[in-house]
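The values are calculated or read from the model by the stated rules, or taken from the named source; none is laboratory data. What you see is a predicted model; the values in this text were computed from it and never measured. All Cβ positions, glycine included, derive from the backbone under ideal geometry; neighbour counts span all protein chains shown.
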Amino acid sequence: MGFSIAEELANRGANVKLIAGPVSLQTNHPNIQRFNVVSAVEMFEKSTALFPRTNGAIMCAAVADYTPVEKSDLKLKRDKNNFTIELKPNPDIAASLGKIKHHDQILVGFALETNNEKENAQRKLKKKNLDFIVLNSLNDKGAGFQTDTNKISIINKHNNSFEFELKSKQLVAKDIVDHIVQEMNL
């Protein structure tokens, strides 16, 4: 989804800075500057470094909420006993950007929910100081990860909700960018 949005923004004349995790997808447009990261901490650091010098951010990466407290460079051998992994929270990138956001910047978040979808998305929207949130549902066939299609709802900070039908991610990207343009009154 992020690559489709980056391409759509670049096609409309934006200079895009795309922070991408380890994926095999390629960018096509010359207006896209790509930054590759491999961890949530690297994505946090790059996002917080770039954001102050941008018009906004679209936070669509599915960043892990937690990471292991201890990491091993060696293979952990099988044992007869149970194994416990202690986890600690990763930095909340969207919330961190929401705290430093200026009035002339736009911040868009994504929410992937399986229950109480709209309520959870609205809570996230307010908590993270987002201008709008794109809600994905795992309950909708053909939406979410590892498909070329998506079905979204957009909820803005005025509590208006916009529903979209299942369509290609390229067309979903156009819907999202259209909403950004509308929110920024461009």
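Identify all residues within segment 66-113 that are at pLDDT below 90 and within 15 Å of the chain's Cα centre (by Cα); write none if there are none.
Within segment 66-113, Leu112, Glu113 qualify.
Of the residues that sit in segment 167-186 and are exposed (fewer than 15 other Cβ atoms within 10 Å of the Cβ) and not in a helix (DSSP H, G or I), which one is modelled with the highest pLDDT?
Per the criteria, the residue is Ser168.
Restricting to segment 112-129, give me the number of residues that are without any contact (Cβ under 8 Å) to a residue 40 or more places away in the chain and either closer than 18 Å to Ala57 by Cβ or assigned to a helix (DSSP H, G or I) (or both).
12
Working only within segment 121-142, note down all residues that are over 15 Å from the mean Cα position of the chain (by Cα) and either farther than 17 Å from Ile106 by Cα or not charged (D, E, K, R) (or both).
Matches in segment 121-142: Gln122, Arg123, Leu138, Asn139, Asp140, Lys141, Gly142.
Can you tell me which of Val16, Val38 is in contact (Cβ under 8 Å) with a residue 12 or more places away in the chain and in contact with a Pro (Cβ under 6 Å, 6 or more places away or on another chain)?
Val38
Here is a check on your reading of the model: is Asp140 more than 21 Å from Ile180 (Cβ to Cβ), in contact (Cβ under 8 Å) with a residue 12 or more places away in the chain and either crowded, with 18+ Cβ neighbours inside 10 Å or not basic (Lys, Arg) (or both)?
In short, yes.
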